[in-house]
Amino acid sequence: MSDAVIVLREECILAAEGKAGRMPKITKARRIPVEGFGNTMEQWKKALETCLESLHADHVKLVLPASYSSARITQIPYATGKQLGKIAKNVMQENESEGVADYSVVQGDKKQGLSLCCGSTSEKFLSDLTAITRELGIPVDAVSVPLEGYLRLMSQLKECRNRTAIYLIFEDSSVTSLLYRDGVYQYSTRSRIFSERGTLDFGTEIVRNISGIRQFYATMNADMPITDVYYTGCAPDDFEASLDGIRAMNLEVRPLEVNLPFDAPGNPGDWLACIGAMITDKKNINLYDRWLADQKKDGVGKVHFGKELVPPAVTLTVCLVLFAGVAVWNGATSARIRKMDRWMQDSAVQEQYRQAEERKNYSASLSQSIAQVNRMEDNLATYPDLTEGVIREIEDVSGRDMDVKIQGLDMETGTLTFNAVSRQVIDIPGYVSRLTTTGLFEEVNYTGYSYGDNEYTLSLSCVLAAADAGEVQ
């Protein structure tokens, strides 16, 4: 029996086969480009058909693209068994509003606590994708998100142990940045790269990305400075354009070495999404299982609802039958129907209908492509930005008796998570109201309240207000 991982991306799909586990082994890997324009699902379907030519696995895990899924990392106190399940359920309630959600424990111990990775996607997207894999006969039994695999991979690399560093994982036209303090995950972000690799503009983008992470880290009042930058998925000659700028920040730069079994041709650094997805533990994110469970619940509800509709349905059916009987005996109507039927069966009319349908489908595909480009331009124009001024204004609202600890920023959704810590009881409604009136956030959500070590901790998840598109242009 063999395992396979298929990573879906906008530019290509990555497929790898081998043996999954805590120490996975990959024996075969293949990159299949996504060709053409228009419906993304249809493009992936064609690429998956090509992938099937060499796929011989009994179990297949799909890794969703970051643009069609979301992931959130939450730090919780150390827990096991039912207590862990209860805490994780509370964490997932926020993500379940987006559709299907599940979690996994990616890192933790009794001293540092646990890191939960909660992934989610829309129910419609997962349903459409499942329909394609079933039609093609791909034995999919698990669906996950990219960040889970990256975090599981980092937990096995010696470069992450007891280090405070930034790790850059390059994909086709984007980079995922991970921040670790003393070997413990702190923050992650994913950014699109607009410049060609190896150019001066590319180096400027990378340096600006690292500088932003350092500014964010400075707000955490950490006693351990960032000392190193590791990168993978980018050729050293291309990454050289950013070396001077990074070293000017007194940071050491070196490639990330992946010392895991990889018997396929190529550089393991280009296949980290597949390697990470092959690493499994007792509890892994599986959106496919969650989706199936939700489908069963919906099916039970529909059965009960159907029973209640039986009496009125019978009455309605009788009325329809009587009405249909009168209509059948209406000679004039019958004559018109037969005439129309003959017209519809005419070959010339059917050819015109077929041509009209082809034009309609082409027009719909073209409109969808144009709308997709427009949405991308609008999103780029209103991209939220976390600056030192924003962080300082949050601290001003909190006052001198309260410390603000930033937990993370999801650049895809603009969601900023942070904790307000005070040795005095926190007026939750008043504090949330003050944050709302700053105008910094589109939405302010209170996610939890705890007390420990003589400190009250208020957890918040806020969506940053988008920038003014007119000003950006």
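Any read-out appearing in this document is the output of simple, stated calculations on the displayed coordinates, not a laboratory observation. Computed from a prediction, not measured in an experiment: that's the story for all the values here. Note that we place each Cβ from the backbone using ideal geometry, even for glycine, and neighbour counts take in every protein chain shown.
Residues 216, 239, 194 in ascending order of nearby Cβ atoms (within 10 Å, fewest first): 194, 216, 239. Extension gain, residue 10 to residue 35, is 8.0 nm, computed as 0.36 nm per intervening residue step minus the present C-alpha separation.
The residue list 169, 77, 370 was ranked by how far each Cα lies along the charge dipole of the chain toward its positive end, using unit charges on Cβ atoms, and 77 comes out on top. Convex hull volume per residue, computed on the Cα atoms of region 168-238, equals 88 Å³. Extension gain, residue 337 to residue 42: 0.36 nm times the residue separation minus the Cα-Cα distance gives 102.3 nm.
Taking 0.36 nm per residue of sequence separation and subtracting the Cα-Cα distance, how much length would be gained by fully extending the chain between residue 319 and residue 2, in nm to one decimal? Could the numbers behind the result be given before it?
Details: separation 317, 0.36 × 317 = 114.12 nm, distance 5.86 nm.
So the extension gain works out to 108.3 nm.
Can you give the FRET efficiency for residue 450 and residue 388, using 1/(1 + (r/R0)^6), R0 = 22 Å, r = Cβ-Cβ distance, to the nearest 0.05? Here the calculated transfer efficiency is 0.20. For region 388-472, the mean projected area of the C-alpha convex hull, equal to one quarter of the hull surface, is 5.8 nm². Placing a pseudo-label 7 Å from each Cα along the Cα-to-Cβ vector at residue 132 and residue 347 gives an inter-label distance of 3.8 nm. With a simple spin-label model that places each label point 7 Å from the Cα along the Cα-to-Cβ direction, the separation between residue 90 and residue 182 comes to 2.5 nm.
Using 1/(1 + (r/R0)^6) with R0 = 35 angstrom and r between the beta carbons of residue 80 and residue 158, what's the FRET efficiency to the nearest 0.05? Efficiency computed from Cβ-Cβ geometry: 0.85.
Let me have the 222 nm mean residue ellipticity of the chain computed from DSSP H runs of 4+ only, each contributing -39500 (n - 2.57), with the sum over all residues rounded to the nearest 500.
Working: 14 runs with 204 residues, N = 473.
Computed ellipticity for the chain at 222 nm equals -14000 deg cm²/dmol.
Rounded to the nearest angstrom and listed largest first, the equivalent-ellipsoid semi-axes of region 43-132 from its Cα gyration tensor are 32, 16, 11.
In whole percent, what relative contact order does the chain give with Cα contacts below 8 Å and a gap of six or more residues? Here the relative contact order equals 14 percent. Annotation for residue 437 and residue 370: the two label points, set 7 Å from Cα along the Cα-Cβ direction, are 4.6 nm apart.
With only Lys, Arg, Asp and Glu charged, each at its Cβ (+1 for the first two, -1 for the last two), find how big the charge dipole of the chain is about the Cα centre; round to the nearest 20 debye.
Values: 50 positive and 64 negative charges, 356 e Å.
Using Cβ point charges on Lys, Arg, Asp and Glu, the chain gives about 1720 debye.
Within region 232-261, name every residue whose backbone N is under 13 Å away from a label modeled 7 Å from Cα of residue 195 along the Cβ vector. In region 232-261, the label zone of residue 195 (backbone N under 13 Å from the point 7 Å along Cα→Cβ) covers 238-246. Between the alpha-carbon centers of region 16-66 and region 132-153, tell me the distance in whole angstrom. Each part reduced to its Cα centre gives a spacing of 9 Å.
Could you point to the label whose value was computed as P(r) over Cα pairs in 20 Å bins from 0, in percent for the structure here, given (i) 21, 45, 28, 7, 0; (ii) 21, 53, 24, 3, 0; (iii) 19, 49, 23, 8, 1? Of the labelled values, this structure produces (iii).
Using Cβ contacts closer than 10 Å as the measure, can you line up 321, 105, 5, 145 from fewest to most?
Going from least to most buried by this count: 321, 105, 145, 5.
Taking amide H positions as modeled 1.01 Å from N, with prolines and chain starts lacking one, the residues under 5 Å from residue 456 and 5 or more places away or on another chain are 422, 423, 424.
Amide H to amide H, with H built 1.01 Å from N, residue 13 comes under 5 Å of 32, 34, counting only residues 5 or more places away or on other chains. Between 243, 204, 183, the Cα set farthest toward the positive side of the dipole of region 161-257 (charges on each charged residue's Cβ, about the Cα centre) is that of 183. Farthest toward the positive end of the dipole of the chain, out of 421, 264, 51, is the Cα of 51, where the dipole comes from beta carbon charges about the Cα centre. Legend: calculated FRET efficiency, residue 297 to residue 67, from the Cβ-Cβ distance at R0 = 45 Å, rounded to 0.05, equals 0.95.
Here's the picture: a label point sits 7 Å out from the Cα of residue 412 along the beta-carbon direction, and within region 149-172 the residues with their amide nitrogen under 13 Å of it are 149-150.
For region 388-472, give the magnitude of the charge dipole about the Cα centre (Cβ charges: +1 Lys/Arg, -1 Asp/Glu; no others), in debye to the nearest 20.
Working: 5 positive and 15 negative charges, 62 e Å.
The dipole magnitude comes to about 300 debye.
Total lysine pairs in region 1-114 at Cα distances under 29 Å, for residues eight or more apart or on different chains: 21.
Could you put 69, 369 in order, starting from the residue whose Cβ has the fewest other Cβ atoms within 10 Å?
369, 69
In the chain, what percentage of the DSSP-assigned beta bridges are antiparallel, given to the nearest 5?
Approximately 80 percent, going by the DSSP bridge assignments.
Near residue 233: Cβ cut-off under 11 Å, other residues only, Lys/Arg at +1 and Asp/Glu at -1. The net charge is -3.
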